[in-house]
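Okay, structure first, notes after.
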Amino acid sequence: MFKVKAYAAAAADAPLAPFSIERRDPGPHDVQIDILYCGVCHSDLHQARDDWGGALFPMVPGHEIVGRVVKVGEHVVKLKAGDLAGVGCMVDSCRRCDPCEADLEQFCCEGFTGTYNSRERGSKALVFGGYSEQIVVDQRFVVKVPENLDLQAVAPLLCAGITTFSPLRHWKVGKGQKVGIVGLGGLGHMGVKFAHAMGAHVTMITTSPEKGQDALRLGADEVLVSRDAEAMKQARGKFDFLLNTIPVGHDINPYLALLKLDGAMVLVGALTALDPVLGVNLIFGRKSVAGSLIGGMAETQEMLDFCGEHNIVSDIEVIRIDEINEAYERLLKNDVRYRFVIDIASLKAA
Ligand code: NAP
Ligand code: ZN
Ligand code: ZN
């Protein structure tokens with residue numbers, strides 16, 4: 001075991017503060033990574049504040065991790081010391097069930113091991129995330145990061161990127177389709193970039209008219225302000241596919257009205273209760289509502305390779321580790337363009 005510096009929440013009502021954790025020495029299949037940057041996902045905030053229940057403390061959040069490989073175990077084939085590597089939301093799964101065998105570890109029948117707010121499968125020890133200097137992860141849950149991209153802006157791809165890429169691929173979004181991305185935050189801005197790169201006609205659906213210009217710059221063809229009742233009426237029945245990233249329970253009926261015959265809306269944001277859905281809004285138009293959870297490790301690699309080819313990264317604001325509590329408050333106030341990324345050098349220097 002070796003000690004590294006980290007930032008942790010001691011309880012749901014405690015701010016994040018300096019903390020020391022122990023990492024395991026890399027085993028034969030492990031990759032030891034010197035963390036350079038870690039993105040700040042809205043899920044970090046939900047979990048650190050126990051919005052979803054059952055949170056495990058002390059908690060070191062962070063599941064948008066990029067860094068350089070320091071050391072690899074003797075059976076590690078896909079990476080070597082010096083390579084750029086990424087770790088996302090998962091660090092382990094059962095690896096035997098049908099979803100795991102199908103490279104869909106996020107749907108592991110036993111539940112995947114989260115990068116934080118989770119316990120190791122064998123030892124049951126708490127696992128700690130990326131707001132830390134180093135991490136040790138089994139090679140199956142480590143991806144290779146293309147060398148041609150701006151590394152600090154790559155970090156958010158490990159969660160915000162894969163969470164939006166995966167449903168767009170699964171629902172075969174592409175040329176000739178009208179796609180709406182609901183909510184222009186960390187996930188939403190990646191959804192716009194990917195849907196545009198996949199060839200769809202993209203509309204940013206937002207509560208914030210002031211983000212309109214940004215949406216167009218990010219790749220949207222149109223902007224629809226969801227608080228504008230007349231504009232929402234005009235847009236009825238126009239969309240093949242909607243990707244909804246709103247982080248809280250809400251009324252999805254107005255969004256269902258935007259779908260055309262056989263249209264689908266996929267939810268990735270709201271894990272908690274939604275307002276009642278009127279059956280008629282699904283039945284008339286044979287519409288569907290579905291959910292999607294991050295993406296498997298093979299697809300995460302595919303997404304990063306796609307980003308390398310298409311030169312896609314996140315729009316970020318780099319912060320120091322001691323600015324993390326303020327960043328959480330700003331995230332709650334919808335004041336981020338469009339992802340905070342922690343420069344882990346500020347933790348190493350502290
Ligand atoms: P974020 O950066 O805070 O963005 C959320 C956006 O939703 C905001 O920028 C805002 O966009 C809109 N919004 C916020 N509150 C709203 C409200 N009350 N009503 C309507 N719109 C609202 O969050 P994020 O990091 O993108 O995460 C979004 C959600 O996805 C979180 O709940 C997170 O936990 C979840 N998540 C899920 C997965 C998964 O695998 N399914 C993975 C990662 C994250 P506008 O200003 O444009 O309206
Ligand atoms: Zn996340
Ligand atoms: Zn499994």
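The values are calculated or read from the model by the stated rules, or taken from the named source; none is laboratory data. A quick note: this is a predicted structure, and the numbers were derived from the prediction, not measured. Neighbour counts run over all protein chains shown; Cβ positions are idealised from the backbone, glycine included. Note: areas computed on protein heavy atoms with side chains; ligands, DNA, RNA excluded. Shrake-Rupley method; radii C 1.70, N 1.55, O 1.52, S 1.80 Å.
Specify which residue in the list Ala215, Ser166, Val182 is farthest towards the positive end of the charge dipole of the stretch 161-291, using unit charges on the beta carbon of Lys, Arg (+1) and Asp, Glu (-1), about the Cα centre. Highest projection toward the positive end goes to Ser166.
Calculated mean residue ellipticity at 222 nm for the chain: -6000 deg cm²/dmol, from DSSP H runs with n ≥ 4 weighted as -39500 (n - 2.57), summed, divided by the residue count and rounded to 500.
Checking every one of the GluC sites (Glu not before Pro) in the stretch 23-124 against DSSP loop status and a limit of 14 other Cβ atoms within 10 Å picks out Glu74, Glu110, Glu120.
Annotation: lysines with alpha-carbon distance below 20 angstrom to Lys124 (same-chain offsets under eight excluded): Lys3. Under the rule a/c < 1.5 gives rounded, and otherwise a/b versus b/c splits prolate from oblate, where does the stretch 1-105 land using the Cα gyration tensor? Oblate is the answer for the stretch 1-105, as a/c is 1.5 or above yet b/c matches or exceeds a/b.
Taking R0 as 51 Å, what FRET efficiency do you get between His170 and Phe2 from their Cβ-Cβ distance, rounded to the nearest 0.05? Write out the running numbers ahead of the final one.
Numbers: r = 40 Å, r/R0 = 0.78.
Once rounded, the FRET efficiency stands at 0.80.
Pairs of lysine residues in the stretch 137-267 that meet both criteria, 8 or more places apart or on different chains and Cα atoms under 28 Å apart, total 26. Within the accessible surface of the stretch 148-225, defined with a 1.4 Å probe on protein heavy atoms only, the carbon and sulfur portion equals 50 percent. If the chain linking Arg320 and Leu271 were pulled fully straight, counting 0.36 nm for each residue of separation and taking away their Cα-Cα distance, it would gain 14.7 nm. Placing unit charges on the Cβ atoms of the charged side chains and taking the dipole of the chain about its Cα centre, the candidate lying farthest along the positive direction among Leu256, Val91, Gly308 is Leu256. For the chain, the solvent-accessible area with a 1.4 angstrom probe is 42 square angstrom per residue.
Each part reduced to its alpha carbon centroid, the stretch 119-158 and the stretch 1-33 end up 12 Å apart. When the charge dipole of the chain is built from unit charges on Cβ atoms (+1 for Lys and Arg, -1 for Asp and Glu) and taken about the Cα centre, the candidate among Ser123, Cys108, Ala327 whose Cα reaches farthest toward its positive end is Cys108.
For Lys71, the aspartates and glutamates whose Cα falls under 18 Å of its own Cα, not counting residues fewer than eight places away in the same chain, are Glu22, Asp25, Asp30, Asp34, Asp83, Glu133, Asp138.
Each listed q (0.08 Å⁻¹) maps to a log10 I(q)/I(0) for the chain from the Debye sum over equal C-alpha point scatterers, namely -0.37. Solvent-accessible area of the stretch 1-86 (1.4 angstrom probe, protein heavy atoms only): carbon and sulfur portion equals 55 percent.
Sort 49-58, 245-254 for me by packing, meaning the mean count of neighbouring Cβ atoms within 10 Å per residue, highest on top.
Details: 49-58: 13.6, 245-254: 17.8.
The most tightly packed comes first, giving 245-254, 49-58.
When a/c reaches 1.5 or more, the comparison of a/b and b/c decides; with that in mind, is the stretch 115-174 rounded, prolate or oblate per its Cα gyration tensor?
Numbers: a/c = 2.44, a/b = 1.51, b/c = 1.61.
Judged from the Cα gyration tensor, the stretch 115-174 comes out oblate (a/c at least 1.5, b/c at or above a/b).
Here the dipole of the chain is about 500 debye; that uses its Cα centre as origin and unit charges on the Cβ of Lys and Arg (positive) and Asp and Glu (negative).
Which value, in debye to the nearest 20, gives the size of the charge dipole of the stretch 216-328 about its Cα centre, when Lys and Arg are +1 and Asp and Glu are -1 at the Cβ? Provide the component values of the computation, followed by the final result.
Numbers: 9 positive and 17 negative charges, 148 e Å.
Here the stretch 216-328 has a charge dipole of around 720 debye.
Qualifying trypsin sites (Lys or Arg not before Pro) in the stretch 170-236, where qualification requires a DSSP coil assignment and no more than 14 other C-beta atoms within 10 Å, comprise Lys172, Lys175, Arg227, Arg236.
Residues of the stretch 314-343 with an amide N closer than 17 Å to a point placed 7 Å from the Cα of Gln213 along the Cα-to-Cβ direction: 336-338.
Using Cβ point charges alone (K and R +1, D and E -1), the dipole size of the stretch 225-272 about the Cα centre works out to roughly 80 debye.
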